Each structure stands twice: as C-alpha cells, then as structure tokens.
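Okay, structure first, notes after.
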Amino acid sequence: MFGLNRNDTLLLIVVALLTMLAPFLLNPFPEGSSLAQFNGGYPDLMQRFVIFGIFAIGFNILFGLTGYLSFGHAAFLGVGSYAAIWMMKLLTMNVIPAIILSVIVAGLFSLLVGYICLRRSGIYFSILTLAFAQMSYALAYSVLTPITGGETGLQPKLNDPRILDAAVGSGVTPRANLFGIEMGTSWQMDWNGWVFTFNAGYYLAAIIMLIAFYLSIRIFRSPFGLMLRAVKTNQNRLNYTGVNTKPYTLAAFVISGMYAGLAGGLLVAMDTQVGPERMFWTASGEVVLMTILGGVGTLIGPVLGAGLIKYMENILSKINESLLEAWFAFMPDAVSDVMVTLLSLFVGKGWHLTLGLLFMIVVIFLPGGLVGGLIGGGRRMFRSNDRKATRKTKSNQTPPTSQTAE
Amino acid sequence: MAILQVRNVSKRFGGLQALNDVNLSVEKGTVHAIIGPNGAGKSTLLNCFVGRLIPDTGTVMFDGKSLLGIKPHQINQIGVSRVFQTPEIFGDLTLLENVMIPTFAHRDGAFKVNWWNRADRESDVQDHAEAILQEIGLYEKRLEIADSMSRGDKRRLEMAMCLSQDPKLLLLDEPTAGMSRADTNATIDLLKRLGETRGLTKVIIEHDMHVVFSLANYISVLAQGTVIAENTPELIKGDPRVKEAYLGTEAE
C-alpha cells in the first residue's frame, strides 16, 4: 500500500494510529489523581512531540543515511521560524503561507551552509555547521535586530500590515488559523474523570508529521537513499564507482534543512512567537540526542527519541521537592528526607541529569538506540526460537537471513 | 588498437622519483600485466589512471580522451573500473545492494535524485545485479551483509561491482593478494572466464608470477619508476634485465 512494502506500510499505519489517538494514549491517568502530572496529553506538549518529531526525522535523513553529523541544524529551525512569523506579520495569520515560506527559506539557507560545510567531512564538518549555527544565533540576537527583534524576538502585533487579512478590532490579539480554524482551538471530552483534549493545532501538525514521515520512508527505500547509505559506508568506493558524492550529500543536507524549517514554521504556527534562543547550540545538540536515543538510521527511532526527550523536559521538570515530599510521606522521616534530597537532583531543574543518565545507558547498552534495541531483542528471540526448532528437526538448513535493520 | 596510451609520465614525491618517463600502451581486448619489485611505482602508475594522482609531466589517454585533470567518478563514467588492493566494498550493505549501486551509477550517471521510486522495484537494475552475482557465484549470498564475508568473497564481490558497469577497461591492483592457493586459482579461472565472454581489456598489477603467467598476454616490467622491459610472457621469462631487477634488489 502507498507504494511501500508490507512492513513499512504497517509501520506507517501504526504511527498514524498512535498520533491520531495520542490525546487518549498520552492521558492514561484520570484528572485529579496523584499520577495526573505524568499525563502528556495536553495540546502544548503534544504539538511539541510531533513538531520535534519532524525535526528529528529530517535530521536523520542527513545523519542516519549519510553519516554526516551536523551540529547546527537548529539554525534552519530558527530561520524557518523567522520566515513564518514575517509571513504572519506581513501577509496573513493563515498558517499555510507561513509554513510554505519557512520550508523554502530554510532550504535556501541550508543550500548555502551545506555548500560551504560539505567541503569537509567528519569532525571538521560538524564544527563548521556548529560555527554557522552560532553565527546565526549571534546575528539574530544582536546584529539583525531590525529583522529578528533581537533578544525579545518577534510576535504578531496589532499594527502589522497583514495585507490579506481583515483588520482585527482593537484589543483583539491576532491568532494563527487555518482558513478560520484557530490553532489554539481545543475540544475537551470528559469521561469518568478522565479529560481528553483534542486540539486543532496538534492535528494539523500531526498530519504534516505523517506526511513528512511517509516522504522519509520513500527516501529511505529509494535509489537516492541507497546512494546516501553508500556514502556513509564507503565514500571512496562510491567515487570510483562513477558517483559524484558531493551533490548527493548536499541534497541530503538541504532536504534535512527543509524538514528543520518545516518544524520551525510549525512551532510559530502553534505559539506565534520566536526568539533567537531557538537557534542556540543546545537546540542543535538536542536533535542529535533525540536521533541517537531513538536509533540513528532507523525510520521511527528519531520520532520516539524526540517524544521521550520532550516528555522528560516537560514532565520531569515540573516535579519539585514538595511533590516528592508528598510521595514519600508514608516513609519514616529520615528515609523520606534522604529519598527526597537524592531524587530532587534528578527532577525539576535537574531533569538534564536524568536525560544524561538515560543517554549513557542507551548508548552503552543499546548501541542501535531504542529501536535498535527492540529489533535486536526481537531478533535474538527469533534466532533462539529458530535454533530450538532446528535442533528439534535436526535439519542442517541455514537460518533465514534478515534484511538490513531499519 | 591501443585503448590506453601512457606517454612520458613522471611523478615525483619530494625527493623520490616514483615514476620516471613511463611509456605504456595497452591493446584493446588484452590482459596487460604490470610487474616489478616493491616500490617500483606500480600503484603510483595505476593511481594516475583513475584520477587519484596527477602526473607531473606526460599524458594518459583512454579511448582517445585524456584522463588527466578529471575526477575519479568521471573516469569511471567513461568506462574505467578499478579493483583495489584491499577490497573496497560497501560493508554495511547487502551483496545485492553492493552490486545495485554501481548498476544505478551506470544507468543514471554521476548524480540523480531518484527519491520517489523504490530501489527494490527498479527491476532492470535488480535483475542485472542478480545476473552478475549469479555469474560470479555469489547469488546465494545476495542478502548477506558484505562485511560478514571472507576476503576472497569480498574480492569477488568487488569484481562483480566493477563488471556490473560493463567497463571498457578493468584495472586490478593485486587481485590475489593475501589469498590462499585455492582462492588464487579460483580467481584466475574467474578472470579468464570473464575475459572470454566480454572481450574486456584488463590491466593487472601483480606480485604472484603464477597469476601473471596464467593470465597475461603482455607484460611490462617496472623497476625504480621506469619500464625496463615489455614483451609477451614467454620472452619476458628469459629476459636477463628482469631477473636482475628482481634478484638484484630484493627476492620476491
């Protein structure tokens, strides 16, 4: 179906179901229960899941396929965001032109950056992209203040031209919409104490994420994707095979830059604001973590990694000491004090510590990331079953070969 | 007719004169061996054919076109394929993918963003790659990962990759280096067979005299960067200059 093989179609359908049912799946705990703060099913966070999923999917097309590790992809995210907000200021609050322009501008910018950075490979390429991103951040922060709003960033203002939109009444803030449907619109469903929120912005972002995911599967399975994997494996051989590797890597770089721009445009479509911190190097590092955590070069891994990191960022950071004290109140005071002191290091502002530990565990014990670990585990089970079966029948047949892990 | 013409090629690395006024002419459809003791400049010469090195002076003409100053992928696109001394393959990919990549490069040229089609639905490329693997005897292993194979199989895979492009000239850099006697003989048979069916021109650099005399129609002997003798295998065997070059410098 959809021109994909059976496994890929299945994967696409599963991802589609998960994203469409996310408001239920991410809210497993009833409202008001002590576990309700672990619910991730509120619009703001769900939007972030899918938008950063897009960012990571695009990053994986570059890093996962060609092996070129960019440390500056947040620059494209930021450029996309600025492009989108200007579209909202000048043209219309409809998100479609904003998103389209963000992709185009990020694509052009990544063409320029990629053309220069891809003159080198390995660590030098990474450093060059990092330098470019930090330069973009510095420019947005200070030099280009008339365009970027400097430190405060940009929001749509009442006196913006917005030539396609009717004038808004005084005191009404202009809101991002899709042909009249406001992105912030939510519909709530109460059911036996559970509250499920369905948000227009989330569903727009989720549908775009599914399209982006589908396109990335096509790229992965295409002759173009095969060439990119060949770049990662043996660039020297590829050159002596009659392939000009430069334009291939540049194409992958621009495609992943456009994905980043799309994510940036969607972020603006959801919260209609942008600041230079979106381009800071930690934001570039975050997408690297997402991709590695989920599984480099796998189709679904980056989306899972993005979800996990965004979940931890938003949920773990909300847990504070008084909450911990409430949890451990049933224990003797001395024990509870120790537990609270210890655990409070890992939550709230210390959530990065948990992320760091998790990252170390994954990299050391699951070199293929979460998805690589799952596939590896499944394969080991499959193989041991297979061996048992072989022993039973005492046949000497070779075990079935499995396709390359994706 | 000469398919490869090398005239007055010299190359110097610092104080070392690696190639000194080399002249060579490879006839179409022949197997031309370049032999010589270690450090004679054989690999340097080969690197000048594929665009990895540019000679200081002289010309290298292939099929009427100069090979100097054009990039390796362009040289490959006009019909020159190379087998490396240590097999250069796509180790993370399956054998089938390994052969499909050069086939795509042959069909689509040096660059094409063919991102919508499925690689495994490009049946012309797939069928061609499978036929080549069949011919070379690796068809059964086509879904295995290339890195998991023995060195001999890797070498054969690399040859399959080159052959899939239907090259006019195949350059082989010590195709049997590090192989057992049985593997070496198998490789000799394979190369003979491929020569018969395709009428392919081959240039072989080789240390192993058994291989050279089994395959070559013509031999050039390189010593200290210069061609000291060239002739048919029968006449090279008795040439005193060749014996001197080998025995006088180091025992091979």
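Holding the Cα-Cα limit at 23 Å, pick out from B:Lys71/B:Lys112; B:Lys154/B:Lys202; B:Lys28/B:Lys141; A:Lys232/B:Lys11; A:Lys246/B:Lys154; B:Lys11/B:Lys65 the pairs that are longer than that.
As for pairs spanning more than 23 Å Cα to Cα, those are B:Lys28/B:Lys141; A:Lys232/B:Lys11; A:Lys246/B:Lys154.
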Inter-part gap, Cα centre of the range A:302-365 to Cα centre of the range B:88-121, in whole angstrom, is 46
Counting all Cα-Cα pairs in the range B:1-130, those more than 19 Å apart amount in percent to 59
Placing one equal point scatterer on each C-alpha of the protein assembly as shown and summing with Debye, one gets log10 I(q)/I(0) at q = 0.11 Å⁻¹ equal to -1.11
Rounded to two decimals, the Debye log10 I(q)/I(0) of the range A:6-318 (Cα scatterers, no solvent) at q = 0.10 Å⁻¹ is -0.57
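State, to one decimal in nm², a quarter of the convex hull surface area for the C-alpha atoms of the range A:249-337, i.e. the direction-averaged projected area.
On the way: hull surface 35.5 nm².
Reported value for the Cα convex hull: 8.9 nm².
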One can check that the equivalent ellipsoid of the range B:47-96, built from the alpha-carbon gyration tensor with semi-axes equal to the square roots of five times its eigenvalues, has lengths in Å, largest first, of 25, 12, 8
Between A:Ala166 and A:Gln37, Cβ-based FRET efficiency (R0 41 Å, step 0.05) works out to 0.50
Which of A:Gln37, A:Gln155, A:Gln134 fluctuates most in a GNM of chain A (C-alpha springs under 10 Å)? That residue is A:Gln37
Longest chain A segment clear of chymotrypsin sites (Phe, Trp or Tyr not before Pro) sitting in DSSP loops (not H, G, I, E or B) with at most 14 other Cβ atoms within 10 Å runs A:3-178
Note to self, the protein assembly as shown gives a 222 nm [θ] from helices alone (DSSP H runs n ≥ 4, -39500 (n - 2.57) apiece, / all residues, nearest 500) of -16500 deg cm²/dmol
Partner lysines whose C-alpha sits under 18 Å from that of A:Lys349, ignoring same-chain residues fewer than 8 away, are A:Lys310, A:Lys318
The equivalent-ellipsoid semi-axes of the range A:66-124, taken as the square roots of five times the Cα gyration tensor eigenvalues and listed largest first in whole Å, are 29, 9, 8
Chain B, convex hull of Cα, quarter of hull surface, nm² -> 14.1
Expressed to one decimal in nm², the mean projection of the alpha carbon convex hull of the range A:310-366 is 4.4
Within 10 Å of the Cβ of an average residue in B:96-103, the count of other chain Cβ atoms is 4
Highest mean packing first, using Cβ neighbours within 10 angstrom, the peptides B:68-74, B:99-105 sort as B:99-105, B:68-74
For the range A:152-301, inverting the pair-averaged 1/r of distinct alpha-carbon atoms gives a Kirkwood value in Å of 19.2
What the Cα atoms of the range B:91-166 span along the principal axes, largest first and in whole Å, is 34, 23, 19
A student applying the Cα gyration tensor rule (rounded when a/c is under 1.5; otherwise prolate if a/b is larger than b/c, oblate if not) would label the range B:171-252 prolate
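Readers should treat all values here as calculations from the given coordinates under stated rules, not as data from a laboratory. Just so we're clear, the structure is a prediction, and the values are computed from it rather than from any experiment. Neighbour counts are summed over all protein chains in view; Cβ atoms, including those assigned to glycine, are modelled from backbone coordinates with ideal geometry.
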